[in-house]
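> Dropping a structure here in structure tokens format, bear with me for questions.
Just so you know, all these numbers are worked out from the coordinates, no wet-lab data involved. Quick caveat: nothing in here was measured; it's all calculated off a predicted structure. Neighbour counts are summed over all protein chains in view; Cβ atoms, including those assigned to glycine, are modelled from backbone coordinates with ideal geometry.
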């Protein structure tokens with residue numbers, strides 16, 4: 001038969017359970033806006049009832065503990081999408097800065113190239129006019145400057161990205177260290193408390209992994225020693241309590257290469273995250289554009305120089321080079337300059353007489369004929385414009401796409417792990433009521449006990 | 001699905017809607033659908049090619065505008081030459097009349113000389129400082145009064161030049177012959193002497209470039225003297241050789257009514273279309289000397305009249321002027337063709353500009369009706385998103401719980 005004392009004990013457990021519920025609700029509300037926080041719920045269990053022989057009486061509730069509500073699969077998807085988004089954003093930010101140089105304006109390469117051909121065509125109407133000759137030299141200078149500006153925009157962007165590579169690697173090393181340090185603590189905590197599901201420590205580690213994913217693409221596996229993290233090509237970053245630092249090393253061209261802890265070059269395997277996006281943009285996107293630009297500058301200048309050489313200047317001498325251009329293709333866009341500064345040195349004449357304009361037709365032909373690259377100068381430039389536009393548009397599309405998908409995934413994660421203030425408010429009332437009810441039971445039992453005590457003392 | 005926090009979704013929607021609004025506003029404000037290459041990479045790339053074509057068309061139009069007046073000036077000069085020749089033919093016909101006196105013929109000869117002066121003035125016509133009939137030697141008058149003797153500035157009796165005097169390598173000496181209409185050019189090579197020049201000159205005489213009797217000798221004052229013994233035709237000599245110190249006509253040796261062509265036969269061209277080039281000048285020797293022989297015919301007529309030759313001879317000289325007139329009529333055809341080509345090219349280029357502008361508009365321009373509709377839609381959508389945010393965000397259970405109990 002149940003006693004008042006056991007009833008009091010059941011009520012005490014009920015108080016504890018309500019207290020635990022309030023505690024969890026309080027914690028959830030406090031962390032409603034904490035990044036990376038996973039909501040907790042209280043774990044209650046019906047106390048195993050005592051068998052009294054005749055009947056089985058309920059023994060109340062047992063407060064087991066708190067449990068974090070996680071969805072590992074969605075977390076993993078978020079990490080991978082975060083990598084993709086950061087990579088696209090890194091590319092986009094850089095390409096957006098390059099784009100204005102290749103947008104049609106009064107000073108872009110395409111416009112300056114047209115202006116140079118126009119000035120030569122105009123000179124044909126009056127080949128001895130020194131004003132018209134000067135206009136050709138000015139247009140040539142403007143084109144050289146446009147090439148120089150475009151080249152310096154690209155190389156300075158590469159330099160910025162290079163700095164970013166080193167900064168990213170430093171951050172990755174800090175994060176992997178912190179993640180590794182948390183591993184043994186989480187393992188120990190999970191051993192001691194099977195209910196809690198990692199709790200605050202696991203939240204912290206997940207948050208760090210999330211930051212790491214934003215920097216580079218990583219593969220994550222859970223082991224008995226905690227989380228193991230490796231880069232896309234399998235280079236270990238975190239194993240149990242140990243982290244492996246990446247290093248950077250400047251190559252012969254000044255570009256920072258990324259090396260693993262054994263000194264192997266893993267630059268090319270880093271494909272997403274801020275680091276991956278930065279490297280890809282630096283080496284492939286901008287590297288490719290620079291090659292195209294240098295080829296155009298070099299071949300255009302050489303075509304002009306050979307036309308100059310085939311004609312005669314106003315002094316009747318064979319034409320000197322129109323442009324100064326480095327012999328190597330690389331560095332041509334940065335190095336292109338006007339060679340002649342005296343308008344009389346423009347080789348417009350085809351027969352050595354000062355008034356002949358026979359060689360101007362050969363200059364005009366440069367515009368129509370294919371350069372050694374197989375394209376006319378205007379087509380070669382338009383390919384570069386297409387390339388810049390296409391790279392930027394792709395990065396933009398990827399960035400928007402991953403942002404949309406991340407919004408979706410975060411909604412999904414929040415539906416499992418997020419704190420709902422409304423829900424917590426309702427829970428608060430529930431636990432408050434439960435607590436009040438349990439307290440009422442105690443006060444009732446107390447009254448009954450008092451009544452029981454006072455039975456011996458007749459009034 | 002459990003919805004815990006609507007703020008991230010609302011933020012995302014606001015972000016999207018504001019981006020759409022910004023894009024729509026940009027298109028309406030600039031009138032362009034493609035403001036950056038990334039807006040439409042293929043269209044932006046094609047636009048650069050189209051703009052290059054437009055720049056060419058604009059330049060071709062400017063070329064036409066610059067050349068038309070120049071060629072029209074040349075054409076009107078030729079018209080005046082034609083009318084001077086007609087006057088000369090009328091005068092020649094009068095002069096051939098057997099009943100007129102020698103004095104009357106002499107006075108007619110003076111009138112014909114006046115016509116020759118008009119022809120020379122027109123042959124030396126220029127436009128904006130460019131001589132129209134000198135070939136590519138367009139900076140000096142192409143027809144120069146000829147003399148029979150030219151002497152070098154350098155050389156003296158005490159220090160005479162000689163056949164062994166070395167010339168400056170690369171220097172050019174030219175002799176333009178009024179009679180043959182040709183020009184002899186001697187470019188000194190390293191080691192060449194005045195002797196080499198003399199030899200080359202003798203070769204040119206045998207080749208017919210220079211009139212027989214043209215010689216280069218060292219005169220008694222020690223100068224190099226280039227002379228012709230023809231009484232009816234003279235020469236014009238020029239040299240940039242420092243050893244000779246240039247050549248100048250000996251005074252009193254001018255040959256009346258003779259002119260030598262010091263231009264060249266180079267014809268310059270300018271582009272006025274992708275595949276259309278027009279000649280920007282006419283070489284004067286074709287029109288006035290070797291080709292039509294306008295000047296020679298007039299000189300012949302003047303001399304026939306002055307010399308009071310027979311009616312038949314004067315008639316023959318007049319016929320030569322008529323032949324020159326019909327020849328110059330043929331020679332001007334290409335010039336007239338160029339002018340009419342340029343006139344039609346100008347209107348073609350005008351159409352081409354419209355075509356290219358339309359192409360560019362199609363490539364990168366915004367369809368304003370669509371852009372304005374997009375803007376209106378984007379505005380409405382943005383307002384809707386903001387209204388939803390305003391409605392949803394303050395909505396929590398606590399609002400209801402905290403209401404004062406009655």
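> Using 0.36 nm per residue, how much length does the chain from residue B:357 to residue B:1 gain when fully extended, once their Cα-Cα distance is taken away?
That works out to 122.7 nm of additional length.
> Would you look at the GNM of chain B, springs on alpha carbons closer than 10 Å, and say which of B:287, B:167, B:132 moves the most?
The residue that fluctuates most here is B:167.
> Related question: Over every pair of different alpha-carbon atoms in chain B, take the mean of 1/r and invert it; report that Kirkwood radius in Å.
Value: 27.8 Å, from the Cα pair sum.
> Same structure again: Compute the helix-to-body angle for A:286-310: its Cα long axis versus the longest principal axis of chain A, expressed 0 to 90° and rounded to tens.
0
> Moving on to the next point. So what are segment B:107-164's ellipsoid semi-axes, whole angstrom, largest first, if each one is the square root of 5 times an eigenvalue of the alpha-carbon gyration tensor?
They are 34, 21, 8 Å, listed largest first.
> Next question, about the same structure. So how compact is segment B:1-94: Cα radius of gyration and Dmax in angstrom?
33.3, 119
> Using Cβ contacts closer than 10 Å as the measure, can you line up A:163, B:357, B:149 from fewest to most?
Exposure proxy ranking, most exposed first: A:163, B:357, B:149.
> How large is the Rg to Rh ratio of segment A:77-407 when both quantities use alpha carbon positions and Rh follows Kirkwood?
We get a ratio of 1.21 for segment A:77-407.
> Where Rh is the Kirkwood radius over the Cα pairs of the protein assembly as shown, the temperature 20 °C and the viscosity 1.002 mPa s, what D in µm²/s does Stokes-Einstein return?
In µm²/s, the coefficient is 59.
> Averaged across the residues of A:122-133, what count of C-beta atoms belonging to other chains lies within 10 Å of each residue's C-beta?
5
> Once you average over the residues of B:7-13, how many Cβ atoms of partner chains fall within 10 Å of each Cβ?
So the per-residue partner count for this stretch is 3.
> Another one. What is chain B's relative contact order, in percent, from Cα pairs under 8 angstrom and six or more apart in sequence?
Once divided by the residue count of chain B, the mean separation gives 25 percent.
> Something else: Binning at 10 angstrom from zero up to the longest distance, how are the C-alpha pair distances of segment B:120-272 distributed in percent?
Result returned by the calculation: 11, 39, 34, 13, 2, 0.
> Turning to a different aspect of this structure: If I take every Cα pair under 8 Å that is 6 or more residues apart in chain A, average their sequence separation and divide by the length, what percent do I get for the relative contact order?
Relative CO of chain A lands at 23 percent.
> Take the alpha carbon atoms of segment A:392-440, find their center, do the same for segment A:93-120, and report the distance between the two centers in whole angstrom.
49
> Rank-order B:154-160, A:270-276 by packing density, defined as the average count of other C-beta atoms within 10 Å over each peptide's residues, highest first.
Averaged packing, sorted descending, gives the order A:270-276, B:154-160.
> Still on this structure, I have one more. Applying a 10 Å radius around every beta-carbon, put A:7-14, B:259-266, B:40-47, B:305-312 in order of their mean neighbour count, most first.
B:259-266, B:40-47, A:7-14, B:305-312
> To the nearest 10 degrees, how steeply does helix A:130-192 sit against the main Cα axis of chain A, on a 0 to 90 scale?
Once rounded, one gets 20 degrees.
> From largest to smallest, what semi-axes in whole angstrom does segment A:30-112 give when each is the square root of 5 times an eigenvalue of its alpha carbon gyration tensor?
Working through the eigenvalues yields semi-axes of 66, 11, 7 Å.
> Still on this model: Could you work out the helix-only [θ] at 222 nm for chain A, with each DSSP H run of four or more residues adding -39,500 (n - 2.57) and the total divided by the number of residues, to the nearest 500 deg cm²/dmol?
It lands at -20500 deg cm²/dmol.
> Using only Cα atoms, locate the centre of segment A:294-316 and the centre of segment A:130-186, then give the distance between them in Å, rounded to an integer.
Rounded to whole Å, the Cα centres lie 32 Å apart.
> Here is a further query. Mind checking the mean number of beta-carbon atoms from other chains within 10 Å of the Cβ atoms in B:256-269?
Taking all residues of B:256-269 together, the mean is 3.
> Could you work out the pair-distance distribution P(r) of segment B:63-190 from its alpha-carbon pairs, with 10 angstrom bin width and percents rounded to whole numbers?
Calculated P(r), rounded to whole percents: 10, 25, 26, 20, 14, 5, 0.
> Using the 10 angstrom Cβ neighbour count as an exposure proxy, how do A:363, B:186, B:288 rank, fewest first?
If I rank by nearby Cβ atoms, fewest first, I get B:186, A:363, B:288.
> For a quick check, take a GNM of chain B with Cα springs below 10 Å and name the residue from B:249, B:169, B:283 with the largest mean-square fluctuation.
Between B:249, B:169, B:283, it is B:169 that shows the largest mean-square fluctuation.
> Most mobile of B:39, B:241, B:182 per a Gaussian network model of chain B (Cα springs, under 10 Å)?
With Cα springs under 10 Å in chain B, the top fluctuation among B:39, B:241, B:182 is at B:39.
> Helix-only estimate, please: 222 nm mean residue ellipticity of chain B, summing -39500 (n - 2.57) across DSSP H runs of length 4 or more and dividing by its residues, to the nearest 500.
The helix-only estimate for chain B comes to -18500 deg cm²/dmol at 222 nm.
> Within a 10 angstrom radius of the beta carbon, how do B:391, A:268 rank from fewest other beta carbons to most?
B:391, A:268
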